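Data first, discussion second: the structure below is written as structure tokens.
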Amino acid sequence: MDSHSTTSTTRARAFWLEKPGTGRILEETLDPPPEGWCRIETEWSAISPGTERLVALGRVPPEARSAMRCQYMAGEFTFPLKYGYSLVGRCVEGPAALKGKRVHTMHPHQDLSLVEAGAAFPVPDDVPPRRATLAPNVETAVNALWDSGAQAGERAVVVGFGIVGSLVARLFSMIPGTEVLVIEADSEKRAMAQAEGFRVAAPLAEPGNFDLAFESSGSPAGLQEAVNAVGREGRVVLLSWYGDQDVHLRLGADFHYGRKRIVSSQVSTLPGGMLPRWDLTRRKQLVFRLLQSPIFDRHISQVLKFEDLPGFFHNLCNGGYKGLAAAVQFGD
């Protein structure tokens, strides 16, 4: 049976993008949670810089807007809108099974929120709340490995050392006998990859020698690098979302006679071969088992306060952020 507050409404603060590259924190009213819903008091949210930068710049093309809408998003991609998809907090009102528990949910950056109980996933006690905000990005990386068919002993290139690329490199390196090389154009990010123990290069010196490539750079040029990197029967897993950029590939060399394959990977859908046994809940459980490891803390490059979000997004949209995920702290 649900437990509800007798109060009528409460005030919440949310980060809204008002125009490309510009946002501010606004107040809004929350009603009490209806039956089957939770009110969550936020502790942390996470920023996935690549996707959220494209959204903040207004670079979501009309044909992609329906697919790009995330749960509890408000407004339109033509602005204003609030957008974000990783939030961790305490359920302070709602079903008895969740009340008082720390949960993860997909929600824009907001200090108090209402979500359906089914959208609130309990966070295990051995996963700290800040690290738990990485769950959606780790899900993306897990899906990418599944889509790749990665096997023990394979050699892979990861093109682009952003948050998704770094997590793919991390998970792939956990497979016995594998070797991974990070290709990254930015010198600061190459230094980050090296600090994490990965081999790095820019550009690739020996194309055609890899079993597998993951393209996560966000740049169409990165996809060409990934195609060039793999050898005969090699697989390229495409993780980047290019927004409104056109993609031009040179496929006249060895792409066809080398029988190379480009595979799209998208986190919202499980690979077909997994569906008879897996669902999104089982995948989420796997992700939180992985997040028990403190090594994933190294994939959060910056911690900021909720009140600092307008300045952070201004910097992000002007190319001033070179880190992996950013974690947003609410309260003290």
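Going by average Cβ neighbours within 10 Å, how do the peptides 177-187, 215-225 rank, with the highest at the top?
215-225, 177-187
Beta carbons within 10 angstrom, averaged per residue: use that to sort the peptides 234-240, 27-33, highest first.
234-240, 27-33
Taking a 31 Å limit on the Cα-Cα distance, which of the listed pairs Lys19/Lys101; Lys189/Lys305; Lys284/Lys305; Lys101/Lys189 fall beyond it?
On the way: Lys19/Lys101 36 Å; Lys189/Lys305 24 Å; Lys284/Lys305 27 Å; Lys101/Lys189 37 Å.
From Lys19/Lys101; Lys189/Lys305; Lys284/Lys305; Lys101/Lys189, over 31 Å: Lys19/Lys101; Lys101/Lys189.
For the chain, what does the relative contact order come out to in percent, with C-alpha contacts under 8 Å and a separation of six or more?
The normalised contact order for the chain reaches 19 percent.
Using only alpha carbons, build the gyration tensor for the stretch 144-272 and give me the equivalent ellipsoid semi-axes, biggest first, whole Å. Numbers along the way, then the final one.
Working: eigenvalues 74, 58, 51 Å².
So the equivalent ellipsoid measures 19, 17, 16 Å along its semi-axes.
Can you give me the angle between helix 220-229 and the longest principal axis of the chain, using Cα atoms only, in degrees from 0 to 90, rounded to the nearest 10?
That works out to roughly 50 degrees.
Quick check on the chain: of the DSSP beta bridges with both residues there, what percent are antiparallel, nearest 5%?
60 percent
Please state, to two decimals, what the Cα-based radius of gyration of the stretch 97-192 comes to when divided by 2.2 N^0.38 Å (N = residues). Before the final figure, lay out each step's value.
Details: Rg = 16.8 Å, N = 96, 2.2 N^0.38 = 12.5 Å.
Rg over 2.2 N^0.38 Å, computed on Cα atoms: 1.35.
Using every alpha carbon pair in the chain, what percent of pairs falls into each 10 Å bin from 0 up to the bin containing the largest distance?
That works out to 6, 25, 33, 24, 9, 3, 0, in percent per bin.
Could you sort the peptides 197-203, 132-138 by per-residue average Cβ neighbour count (10 Å cutoff), highest mean leading?
Per-residue Cβ counts within 10 Å, averaged per peptide and sorted highest first, yield 132-138, 197-203.
Suppose only helical runs count, i.e. DSSP H with n ≥ 4. What mean residue ellipticity at 222 nm does that imply for the chain under -39500 (n - 2.57) per run, divided by all residues and rounded to the nearest 500 deg cm²/dmol? Present the calculation step by step, with values, prior to reporting the outcome.
Numbers: 9 runs with 80 residues, N = 332.
Calculated from helices alone, the mean residue ellipticity at 222 nm is -7000 deg cm²/dmol.
Tell me, in nm to one decimal, what length is gained between Leu30 and Ala221 on full extension, where the rule is 0.36 nm per residue of separation less the Cα-Cα distance?
Full extension from Leu30 to Ala221 adds 64.3 nm.
Kindly provide the GluC sites (Glu not before Pro) of the stretch 70-130 that DSSP labels as loop, not H, G, I, E or B, and whose Cβ sees at most 15 other Cβ atoms within 10 Å.
For GluC sites (Glu not before Pro) across the stretch 70-130 that sit outside H, G, I, E and B with at most 15 neighbouring Cβ atoms in 10 Å, the list reads Glu76.
Throughout, read-outs are computed from the coordinates displayed, never taken from laboratory work. Please read these numbers as outputs of a predicted model, since none were measured by experiment. In this analysis, Cβ positions are derived from the backbone assuming ideal geometry, glycine residues included, and neighbour counts consider all displayed protein chains.
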